[in-house]
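Presented below is the structure to which this report refers.
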């Protein structure tokens, strides 16, 4: 468990699966920025049984308040900038339930996960991207210590259109 002042990040538990299933296709929870179409949950149950949502391909953690209330998820996966292991980085993603947005939980979760990944793995970089119109998430990343690097043009297909993404990173030593 990764603990912060207001929230903690913890691995997904079996008891969380029904909540994650309810969140997965809820348009309000996914928001316009995570609207990638309907998803089947049976694959998620198999993935949980195989590796508990902790793998190199994609890992998911629950964001919970200090009182234990689940308020969202953080995900992370490896990205490669060259063929050697020294060119490895992690990309992180965030989703907060609408009733808990604007409380600073996302900022703290992103800071906690980036710091954890940089402390735990032999990497120099953690990155995140968000839609160029998602100003609250851009502010959240900046408050969490990420720096804006630029714009990835037409990088994401979502809701029937291509979207530009703002790219942010936090590197070891910053």
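A few remarks follow.
- So residue 111, is it in a helix (DSSP H, G or I) and more than 12 Å from the chain's Cα centre (by Cα): no
- Total residues in region 141-174, condition in contact with a helix residue (DSSP H, G or I) (Cβ under 6 Å, 6 or more places away or on another chain) and touching a residue at least 40 places away in the same chain (Cβ under 8 Å): 3
- Criterion violated by residue 15 - all others in (1) buried (at least 16 other Cβ atoms within 10 Å of the Cβ); (2) more than 14 Å from the chain's Cα centre (by Cα) satisfied: (1)
- Within the option set 127, 142, being assigned to a strand (DSSP E or B) and at pLDDT 95 or above holds for one residue only, 127.
- Restricting attention to region 96-131, the residues that are touching a helix residue (DSSP H, G or I) at 6+ places or on another chain (Cβ under 7 Å), in contact (Cβ under 8 Å) with a residue 60 or more places away in the chain and surrounded by 18 or more Cβ atoms within 10 Å (Cβ to Cβ) add up to 3.
- Criterion (closer than 25 Å to residue 126 by Cβ and touching a residue at least 40 places away in the same chain (Cβ under 8 Å)) met by exactly one of 47, 70: 70
- Considering the conditions (1) farther than 26 Å from residue 84 by Cα; (2) surrounded by fewer than 15 Cβ atoms within 10 Å (Cβ to Cβ); (3) touching a strand residue (DSSP E or B) at 6+ places or on another chain (Cβ under 6 Å), residue 148 is excluded by exactly one of them, (1).
- Index of the failed condition, residue 134 passing every other in (1) out of contact with any helix residue (DSSP H, G or I) (no Cβ under 7 Å at 6 or more places or on another chain); (2) surrounded by 18 or more Cβ atoms within 10 Å (Cβ to Cβ): (1)
- Any hit, region 80-93, residues being in contact with a helix residue (DSSP H, G or I) (Cβ under 8 Å, 6 or more places away or on another chain) and surrounded by 17 or more Cβ atoms within 10 Å (Cβ to Cβ): yes
The values are calculated or read from the model by the stated rules, or taken from the named source; none is laboratory data. Note that the structure is predicted; figures quoted are calculated from it, not measured. Positions of Cβ are generated from backbone atoms using ideal geometry, with glycine treated the same way; all protein chains shown enter the neighbour counts.
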